[in-house]
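*Asks:* Let me begin by handing over the structure; questions about it come next.
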Amino acid sequence: MEWTTIESDPGVFTELIETIGVKGVQVEELWSLDQLKELSPVYGLVFLFKWKKEPVRPAVTTDSGQVFFAKQVITNACATQAILNILLNVKTPGLDLGTELANFREFVSDFDPTMKGLAISNSDLIRAAHNSFARPEPLVPDDDKDDEKSGDAYHFISYVPVGDKLYELDGLQEGPIELCDCSDDDWLDKVGPHITARMERYAASEIRFNLMALVGNRVEIYGSRLAAATAQRDQLAAVAAAGGISDEALAQAQAKLLEAETEVANLQEALAAEQAKHRTWHDENVRRKHNYVPFLFQLLKLMAARGQMASLLERARRPAAVGGGNGMKQ
């Protein structure tokens, strides 16, 4: 079964990850690397760019055994593979791979990069999750046809820290590419110049880039912080209401209570905004997966049966200048 092209969108990738069974992670689109400071923990970055043939770069040889890396052996799967190349290198309590993906990582641990790529391509779970976001329409839009004629191709690569090294994971290369030394605290500062350098490589002819981050699930993070802040607020409120303390101590308790109430309100607002974003992602994904063609065909049949098609076709054929394109007189 073939792998289909899917849209590059954080809501798509977040639901894809959840469908595979991974918990505790979501994907965020970045407009600036400065955003990363507000999104901790960050597990890795995915960079999308217009692909141009490049020479094969030397893969790392030292410590490469500890890095999960799968070569891309099938078309249209580079986005999913770039995400997997990050997820399967993360070993922290905050991210749960789920039983299926954890078993998959153990099963392919001794495979070479090509065999790991083949294992991904043959995984029913991963392929089904990926293909669930394929557009169901049987008609191919004109812009897609134009892209095929022009030969434009887009590619995803990953940036991820493993051990004390920062790696670039490109499924079209022979192996992981070691970029520099790093730590969990400074890798986000060190990855910036490498991404900027890659963008500048194409700056003369291309401005379409996309950068996304795999981060901790913000709903879970804000929910945990809110629970802790609420407990602290309630404790401070109990102290302030109990009495039996000096006026100075009471004033300090009330000031801390005010700060705690402000923190609770801010977290409630952040949690509500994040929950709304996830609902929007879900609604958009439902619309992406729905096949509207039968509805449109039935609508056209009903309009034809009521004799409404002729006038609509005539209006559609009129030059834009006659009607102004908006129904207003010129």
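*Asks:* Could we say that Glu248 is closer than 30 Å to Pro161 by Cβ and surrounded by fewer than 13 Cβ atoms within 10 Å (Cβ to Cβ) here?
*Replies:* no
*Asks:* Tell me, which helices (runs of 4 or more DSSP H) lie completely within the stretch 34-121 with 1 or more residues that are open to solvent by 40 Å² or more (accessible area, probe 1.4 Å) and at pLDDT 90 or above?
*Replies:* The helices (runs of 4 or more DSSP H) meeting that bar are 98-107, 113-121.
*Asks:* I need every pair where a residue in the stretch 220-240 that is more than 27 Å from Thr14 (Cβ to Cβ) has its Cβ under 7 Å from the Cβ of a residue that is charged (D, E, K, R), sequence separation at least 6 or different chains.
*Replies:* Close Cβ pairs satisfying both conditions: Arg233/Glu261; Leu236/Lys256.
*Asks:* Hey, among the residues in the stretch 195-218 that are among the small types (Gly, Ala, Ser) and at pLDDT below 90, which one's most open to solvent (accessible area, probe 1.4 Å)?
*Replies:* Ala204
*Asks:* Here's another thing I want to ask about it. Which residue out of Ile126, Ile221, Ile177 is modelled with pLDDT of 85 or more, open to solvent by less than 40 Å² (accessible area, probe 1.4 Å) and over 22 Å from Phe68 (Cβ atoms)?
*Replies:* One residue alone meets the criteria, Ile221.
*Asks:* Would the stretch 305-316 turn up any residue that is at pLDDT 85 or above, surrounded by 14 or more Cβ atoms within 10 Å (Cβ to Cβ) and part of a helix (DSSP H, G or I)?
*Replies:* yes
Per-residue answers, yes or no, for (1) surrounded by 14 or more Cβ atoms within 10 Å (Cβ to Cβ); (2) among the small types (Gly, Ala, Ser); (3) in contact with an Asp or Glu (Cβ under 9 Å, 6 or more places away or on another chain):
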{"residue": "Val264", "(1), (2), (3)": "yes, no, no"}
{"residue": "Leu267", "(1), (2), (3)": "yes, no, no"}
{"residue": "Ala276", "(1), (2), (3)": "no, yes, no"}
{"residue": "Asp283", "(1), (2), (3)": "no, no, no"}
{"residue": "Val286", "(1), (2), (3)": "no, no, no"}
{"residue": "Asn291", "(1), (2), (3)": "no, no, yes"}
{"residue": "Gln298", "(1), (2), (3)": "no, no, no"}
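The values are calculated or read from the model by the stated rules, or taken from the named source; none is laboratory data. Because the structure is predicted, anything quoted here is derived from the model rather than measured. Don't worry about glycine lacking a Cβ; one is built from the backbone with ideal geometry, like all the others, and counts go over all protein chains shown. Only protein heavy atoms, including side chains, enter the accessible area calculation; ligands, DNA and RNA are left aside. Shrake-Rupley method; radii C 1.70, N 1.55, O 1.52, S 1.80 Å.
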